[in-house]
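Encoded as structure tokens, the structure appears first; notes follow it.
Read-outs: derived from the displayed coordinates by stated rules, not from any lab. This structure is a prediction, so every number in the text was calculated from the model and none was measured. So basically every Cβ, Gly included, is an ideal-geometry build from the backbone, and we count neighbours across all protein chains shown.
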Amino acid sequence: MIMLALIGMALCQARAQGPPADGIRLTTADRLEEPGWWPTKGDPPRSQYSGNAACAGCHRRIAPLQALTPMYHASVRAAQSDILARHRSLRFQQGAFSTSLTTSSEGATFSVKDGVNATSLPAVWAFGFKNGQTYVLEKGGAYFESRLSFFTKTQSLDITPGHSTEVPRDLESAVGRKMDIDRAAGCFRCHTTAAVASKVFESEKATPGVTCEACHGPGAGHVASMTAHNPEQGATEIMDPAGLSPADSVDFCGACHTTWADVVEAASKPGPENIRFEPYGLEQSRCWGTNGDARITCVACHDPHQPLVHEPSAYDSKCLACHGLRSVSKKPAAAKSMCKVATSNCVTCHMPKYDLPQTHAVFTDHEIRVVREGALDPRKSTR
């Protein structure tokens, strides 16, 4: 939901071009028009969803782990936000505008004063978990994206990425950005499960967070078949992303994390804001090729059912599987023919991290490459 502001030219012009020279890549919007399940698709009726508890009944190992992931916590009703429970009175001042986000037993309230007039809106949803939270406000049946977000790094409110950093013109602009139904539905599709069913947006019926059925599709038919001891039929009634081609697999994750085709379709300029779009960066990598490589898809390195691994060395085996190590019997030193610097912590050099100021967060650049001297900071140089 949170969109980064354009903060300058940065990445090489190749990033505005693209990977495939011998095939057509579909945008997420195009994917949603095709038959079958795809993340954020809102065609199936609500009756086809079984709920997370039904999945957990059989998948007893995976379900508790998935509940620990940031995806599972991608949204929560504001009244249940742990962040707001810990910070019951948050304040922000800019010019004449004084903003407060207060939480009580009755819920969370977003208020703005300009010294003369004041307005207050209830915060009904909180989107985000790891780096911070942006709040969905409600007034007269309309949703607003809060102009201010809570940032984990600073433990305070600051301007939501994508919003103007200038002093607001009036109370309405100080509150946030009004969202039409399509924009609101788009945010809910990626931050909740089943907010859209039978192509109807019903946020009040959404399941908070990205749960099993957000990726695997509605599971009621699958549950019924498995309960009836018909595993063959059950296997056809649930989506298993493991069977996707490399390009499709990355686009599958990119339905929310933004694909190469989505960036190109939006005519985005090369710049640091694109660093946070992992599928886009990955498909810009030389080792990705034209049709992708199963060894470097999103799920090849990250298990979506488990919390993200932050230790750089944990990814060495993935890198060395292609760059030097052909079997477990060979020593890591064999990779020196590919890298003259080191054979460990590969991602620290070839997938550098960048601090994007307005987000108060650090992002890993997923364009796997040799980072040349003088091009370490995408805000200061091009490559």
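What is the set of long-range amide H partners of His73 at a cut-off below 5 Å, with H atoms built 1.01 Å from backbone N?
Excluding prolines and chain starts, which carry no amide H, the hits are Val210.
Working out 0.36 nm times the residue gap between Asn117 and Thr227, then minus their Cα-Cα distance, what length gain in nm do you get to one decimal? Let's see the in-between values first.
Numbers: separation 110, 0.36 × 110 = 39.60 nm, distance 5.97 nm.
Fully extending the segment from Asn117 to Thr227 adds 33.6 nm.
Relative to the Cα centre, what is the charge dipole magnitude of the stretch 75-187, using +1 at the beta carbon of each Lys and Arg, -1 at the beta carbon of each Asp and Glu, and rounding to the nearest 20 debye? Could you put the intermediate results ahead of the total?
On the way: 13 positive and 11 negative charges, 59 e Å.
Rounded to the nearest 20 debye, it is 280 debye.
Fully extended, how many nm does the chain gain between Glu172 and Asn345 (0.36 nm per residue separation, minus their Cα-Cα distance)? List each step's numbers first, then the result.
Working: separation 173, 0.36 × 173 = 62.28 nm, distance 4.81 nm.
Contour length minus the Cα-Cα distance gives 57.5 nm.
Defining a contact as two alpha carbons under 8 Å apart and six or more residues distant in sequence, what relative contact order in percent does the stretch 14-139 show? Provide the component values of the computation, followed by the final result.
Working: 141 pairs, mean separation 19.5, N = 126.
RCO, the stretch 14-139: 15 percent.
Under a point spin-label approximation (7 Å from Cα along Cα-to-Cβ), what is the Arg88-Glu311 distance to one decimal in nm?
Result for the modelled spin labels: 4.0 nm.
Would you work out the charge dipole size for the chain about its Cα centre, treating the Cβ of every Lys and Arg as +1 and the Cβ of every Asp and Glu as -1, and quote it to the nearest 20 debye? Please list the in-between numbers first.
Working: 39 positive and 38 negative charges, 249 e Å.
Charge dipole of the chain: 1200 debye, to the nearest 20.
Under the Karplus relation 6.51 cos²θ - 1.76 cosθ + 1.60, θ = phi - 60°, what is the ordered set of whole-Hz ³J(HN,Hα) values for the stretch 306-318, x standing for Gly and Pro?
10, x, 4, 8, 9, 6, x, 5, 5, 9, 4, 4, 5
Assuming 0.36 nm per residue, please report the length gained on full extension of the stretch Asp355 to Asp182 beyond their Cα-Cα distance. Spell out each step's value before the answer.
Working: separation 173, 0.36 × 173 = 62.28 nm, distance 3.08 nm.
Roughly 59.2 nm would be gained on extension.
Seen from all sides and averaged, what is the projected area of the convex hull of the Cα atoms in the chain, in nm²?
On the way: hull surface 86.1 nm².
Mean shadow area of the hull around the Cα atoms is 21.5 nm².
Which residue, Leu137, His87, Met179, has the largest displacement toward the positive end of the dipole of the stretch 75-187 when charges sit on each Cβ (Lys, Arg +1; Asp, Glu -1)?
His87
Label-point separation (nm) for Asp43 and Ala235, each offset 7 Å from Cα along Cα-to-Cβ?
Each label point lies 7 Å from its Cα, and together they span 2.3 nm.
Roughly how many nanometres apart are two label points built 7 Å out from the Cα toward the Cβ at Glu202 and Ala242?
For Glu202 paired with Ala242, the spin-label model returns 3.3 nm.
For the chain, with a Gaussian network of springs between Cα atoms less than 10 Å apart, report the residue from Asp170, Asp365, Asp248 with the top mean-square fluctuation.
Looking only at Asp170, Asp365, Asp248, the biggest GNM fluctuation is shown by Asp170.
Of Lys205/Lys353; Lys139/Lys353; Lys113/Lys178; Lys153/Lys199, which pairs sit farther than 29 Å apart, going by alpha carbon to alpha carbon? Intermediate results must be reported in sequence, preceding the final value.
Numbers: Lys205/Lys353 38 Å; Lys139/Lys353 39 Å; Lys113/Lys178 18 Å; Lys153/Lys199 37 Å.
Correct reply: Lys205/Lys353; Lys139/Lys353; Lys153/Lys199.
Using a 10 angstrom cutoff on alpha carbons, build the Gaussian network for the chain and name the most mobile of Cys253, Cys301, Cys190.
Cys301
For the chain, modelled as a GNM with alpha-carbon contacts under 10 angstrom, which of Pro64, Pro352, Pro122 fluctuates the most?
Most flexible of the set in this elastic network: Pro64.
Would you please give the FRET efficiency between Ala294 and Leu68, computed as 1/(1 + (r/R0)^6) with r the Cβ-Cβ distance and R0 = 22 Å, to the nearest 0.05? Walk me through the numbers on the way to the answer.
Values: r = 26 Å, r/R0 = 1.20.
My answer for the efficiency is 0.25.
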